[in-house]
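Here is the structure we will look at, set down as structure tokens.
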Amino acid sequence: MSGDLGLFLSQLIRKPHQVVALAPSSRALAAEMAATLDPDGGPVIELGAGTGKITRSMIERGISAQSIHAIEMNPVFCDRLRTNFPGLNVHQNSAADVGNLPVERVQAVVSGLPLLSMPFDLQKSILSGTFAKIGAEGRFIQFTYGPKPPIKAEILAAMGLNWSTSRKIWGNLPPARVYRFSRPMN
């Protein structure tokens with residue numbers, strides 16, 4: 001795993017516009033991101049897969065690599081994901097294209113993206129595409145370092161999203177919480 005940290009830091013320096021986190025996700029945060037996924041519940045889309053910490057936790061949870069569709073813009077991270085996770089569906093493109101991904105009946109979209117730092121239109125595009133893929137019963141799982149939901153208030157209201165929050169994960173740098181968003185059942 002020290003190789004992942006070195007790769008992460010080198011990409012942070014070389015491509016700061018693509019890598020905006022201070023450090024890779026901790027094992028504890030990655031495990032919490034995967035904790036509610038159902039190994040038999042269908043495919044999962046991962047946004048901003050990076051070095052694969054959350055990917056690994058999903059596989060440890062019982063989700064097969066073939067059932068995970070990882071979207072990552074950084075080509076070096078994409079190569080690492082393909083090497084470390086044979087069978088993983090790696091898509092080198094923007095998370096804004098999540099709605100166009102060739103996968104159906106998605107149980108959840110798991111995101112390591114810095115949503116709060118994104119422009120309104122980009123965040124809206126990502127969330128619209130996400131909820132088009134997960135349908136009525138799916139979940140959008142996102143972590144944040146701050147005390148508020150990591151989705152702009154206007155988007156939360158417009159989409160009518162509900163959410164639950166995990167306990168604070170102190171073992172992450174910086175400490176984080178996991179939010180699970182859904183649409184209300186009618």
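The values are calculated or read from the model by the stated rules, or taken from the named source; none is laboratory data. No experiment lies behind these values; they were computed from the predicted model shown. Every residue, glycine among them, receives a Cβ derived from its backbone with ideal geometry; neighbour counts consider all protein chains shown. Surface areas here come from the heavy atoms of the whole protein model, side chains and all, with no ligands, DNA or RNA. Shrake-Rupley method; radii C 1.70, N 1.55, O 1.52, S 1.80 Å.
On the basis of being closer than 20 Å to ALA30 by Cα and in contact with a His (Cβ under 9 Å, 6 or more places away or on another chain), does VAL90 make the cut? When the stated conditions are applied, VAL90 passes them. Contact annotation: residue pairs with Cβ atoms under 7 Å, 6 or more positions apart or on different chains, pairing a residue in the range 161-186 that is free of Cβ contacts under 8 Å to residues at least 12 places away in the same chain with a partner that is surrounded by 12 or more Cβ atoms within 10 Å (Cβ to Cβ) and assigned to a loop (DSSP other than H, G, I, E, B), are LYS168/PRO175.
Would you check which residues across the range 90-117 are under 11 Å from THR55 (Cβ atoms) and either small (Gly, Ala, Ser) or free of Cβ contacts under 8 Å to residues at least 24 places away in the same chain (or both) and list them? Steps first, please.
Just the residues of the range 90-117 that are under 11 Å from THR55 (Cβ atoms), to begin with: 90, 110, 112.
Across the range 90-117, the qualifying residue is only GLY112.
Every residue, every condition in (1) open to solvent by 70 Å² or more (accessible area, probe 1.4 Å); (2) of a type in the set (A, V, I, L, M, F, W, C), yes or no:
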site: CYS78; (1), (2): no, yes
site: VAL90; (1), (2): no, yes
site: VAL106; (1), (2): no, yes
site: VAL109; (1), (2): no, yes
site: SER117; (1), (2): yes, no
site: GLN123; (1), (2): no, no
site: PHE131; (1), (2): no, yes
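Conditions (1) open to solvent by 40 Å² or more (accessible area, probe 1.4 Å); (2) in contact with a Cys (Cβ under 8 Å, 6 or more places away or on another chain); (3) modelled with pLDDT under 95; (4) closer than 21 Å to ARG105 by Cβ, marked per residue:
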| site | (1), (2), (3), (4) |
| --- | --- |
| LYS148 | yes, no, yes, no |
| ILE151 | no, no, no, no |
| SER164 | yes, no, no, no |
| ARG183 | yes, no, yes, yes |
| ASN186 | yes, no, yes, yes |
